[in-house]
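Please read the structure below before turning to the comments.
The values are calculated or read from the model by the stated rules, or taken from the named source; none is laboratory data. Just so it is clear, the model here is predicted, and its values are computed rather than measured. Here the Cβ positions follow ideal geometry from the backbone for every residue, glycine too, while neighbour counts run over all protein chains shown. Note: accessible area is taken over every heavy atom of the protein model, side chains too, but ligands, DNA and RNA are not part of it. Shrake-Rupley method; radii C 1.70, N 1.55, O 1.52, S 1.80 Å.
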Amino acid sequence: MTFCARLMGILFGTFMLLLAVLITIETLIRKFFSLSFGGVDELGGYAIAVAAPLAFGVAMIEQSHIRINLLHMRLPTTVKAILNALASLSLGLLAAFLLYFTVQTVLDTHNYRSIAQTPWATPLIYPQAVWLVAMGIFAASAALLALQALGLLIRRDWPALNQRFGPASASEELEAELADLEQREKGAQP
């Protein structure tokens, strides 16, 4: 799964970097030449629609989303494990719903031959097809994690559920940050 998260992160970063470059060029052209591409905002919307599910997937796989675990850390191991499994399963259901919504939107766009109400009049099937692929990647990742959590829940493997799906403790987060800092320092030295 880490390879998948890395690939999604690279795709997300690429989309955002290209968007930033395009916006910068558009701004400079407007400022110095009073010209415009006339659609950068449209492309920005498409880029964000595609990049968002990729970012969701990275946060989900890497457990980097924000969790408030003030009560969680005080619960018994079994209760924590069940809550962690329920969180993973509910995220899988949410991803499935979002994928369903995306498929319905793309089908409607295809049936109605919808176009963007912008100067480019882009046939919306093209950017929405890319959005569908990105949402499919997120949904597939969420489904795999949900199935993994369900398997651990059925086996009643509470330690594995807490290890894989639970939030990191403060000491684990500190260790990870120190290891990351050490790696960066090694990379900066000649």
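Using a Förster distance of 25 Å, how high is the FRET efficiency between SER171 and THR2, based on the Cβ-Cβ distance and rounded to 0.05? Mind showing how you got there, number by number?
Working: r = 22 Å, r/R0 = 0.88.
Working from the Cβ atoms, E equals 0.70.
Look at the dipole of the chain built from charges on Cβ: of LEU89, GLN163, GLY187, the Cα furthest out on the positive end belongs to LEU89. Averaged over its residues, the chain has an accessible area of 66 Å² per residue, based on protein heavy atoms and a 1.4 Å probe. How far, in degrees from 0 to 90, does helix 170-188 lean away from the longest principal axis of the Cα atoms of the chain, to the nearest 10? Compared with the principal axis, the helix lies near 50 degrees. In terms of overall dimensions, the C-alpha atoms belonging to segment 55-139 reach 57, 21, 17 Å along their principal axes, ordered largest to smallest. Taking Cα atoms only, the orientation of helix 2-33 departs from the longest principal axis of the chain by about 30 degrees. Over what distance in Å are the Cα centres of segment 80-95 and segment 107-153 separated? Their Cα centres are 22 Å away from one another.
Using every Cα-Cα pair within segment 1-111, state what percent have a distance larger than 23 Å. Could you put the intermediate results ahead of the total?
Numbers: 3164 of 6105 pairs.
Of all Cα-Cα pairs in segment 1-111, 52 percent lie more than 23 Å apart.
Overall, the accessible surface of the chain at a probe of 1.4 angstrom is composed of carbon and sulfur to the extent of 69 percent.
Can you list the trypsin sites (Lys or Arg not before Pro) in segment 114-186 that are in a DSSP coil and have 13 or fewer other beta carbons within 10 angstrom?
Working: sites: ARG155, ARG156, ARG164, ARG184, LYS186; in loops: ARG156.
The qualifying sites are ARG156.
The angle separating the long axis of helix 40-61 from the principal Cα axis of greatest extent in the chain is about 10 degrees. Once backbone amide H atoms are built at 1.01 Å from N, ILE115 has LEU124 as its partners under 5 Å, excluding neighbours fewer than 5 places away on the same chain. With a 10 Å cut-off between alpha carbons and a GNM built on the chain, which of ALA176, ALA149, ALA52 moves the most? Comparing ALA176, ALA149, ALA52 in a Gaussian network model of the chain, the most mobile one is ALA176.
If you build the Cα gyration tensor of segment 64-190 and take the root of 5 times each eigenvalue, what three semi-axes come out, in whole angstrom, biggest first? Please report the intermediate quantities before stating the final value.
On the way: eigenvalues 289, 117, 28 Å².
Computed over segment 64-190, the values are 38, 24, 12 Å.
Using the Cβ-Cβ distance between SER114 and SER64 with R0 = 35 Å, the FRET efficiency computed as 1/(1 + (r/R0)^6) comes to roughly 0.50.
Distance between the 7 Å Cα→Cβ label points at THR77 and ILE154: 2.3 nm.
Computed extension length for ALA188-PHE33: 51.7 nm, one decimal, from 0.36 nm per residue of separation with the Cα-Cα distance subtracted. Each Lys and Arg Cβ is given +1 and each Asp and Glu Cβ -1; about its Cα centre, the chain then shows a dipole of about 340 debye. Dipole orientation for segment 1-119: of the candidates VAL106, ALA52, MET73, MET73 has the Cα lying most toward the positive pole (charges on Cβ; Lys, Arg +1; Asp, Glu -1).
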